[in-house]
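As structure tokens, the structure follows; a few thoughts come after it.
None of the figures in this text is laboratory data; all of them are computed from the coordinates on show. None of these values were measured; they are calculated from a predicted model. Because the Cβ atoms are built from the backbone with ideal geometry, glycine has one as well, and the counts that use them run over all protein chains shown.
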Amino acid sequence: MTVSGRQSIRVTVNGAVYEREVEPRLLLGDFLRDELGLRGVHSGCEHGSCGACTVLVDGDSVHACLTFAVQVDGAQITTVEGLADGERLHPIQQAFWDHHALQCGYCTPGMLLSALDIIAKYPLEDDAEIREQLSGNLCRCTGYDNIVRAVRETARALRGGER
Ligand code: FES
Ligand code: FES
């Protein structure tokens, strides 16, 4: 903690290391958007209900609106900006594109990162399980069917086999 009350943090975001002094009350979402310029971190409800702000912290999906920046000191963070490899989309992004799994796109960054989290952690045996595990991410546009298709296809592709 510094004299001003600001606290030093060191984080790796999308592979780049950042060291900053931040107010202890600064939210992770505001840190990523305002300090680092990562505007793909969307802010919706700001109380943990919509999932628009979801990012990965050490591989786990986290609501950036409910997390303080000082809590992620030392962590590896992934935002939607870190998914593509140059011009080549990440498989989950490509699947969303191929299946028209977005319309306005406001929910999409959080949806993509939550999808990667659940693909890594759950068997996703059927569409009902995909819907259940994605239920913390709200989409006002798509009706979810195409999102579920995209997640199903990506899970299959990343696991290298048929389900
Ligand atoms: S803005 Fe974080 S969950 Fe809605
Ligand atoms: S695409 Fe508009 S909220 Fe999901």
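Figures for the structure shown
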item: Among 143-150, 86-93, 68-75, the order from most to least packed when residues are scored by Cβ within 10 Å on average; result: 143-150, 68-75, 86-93
item: Cut-off 10 Å between beta-carbons: net charge of the residues surrounding A69, Lys and Arg +1, Asp and Glu -1; result: -2
item: Label point 7 Å beyond Cα of S8 along Cβ direction - residues of segment 76-110 with amide nitrogen under 13 Å; result: none
item: 0 to 90° range, to nearest 10: angle between helix 145-159 axis and the chain longest Cα axis; result: 80 degrees
item: Computed over the chain, Cα set: Rg, Dmax in Å; result: 16.2, 57
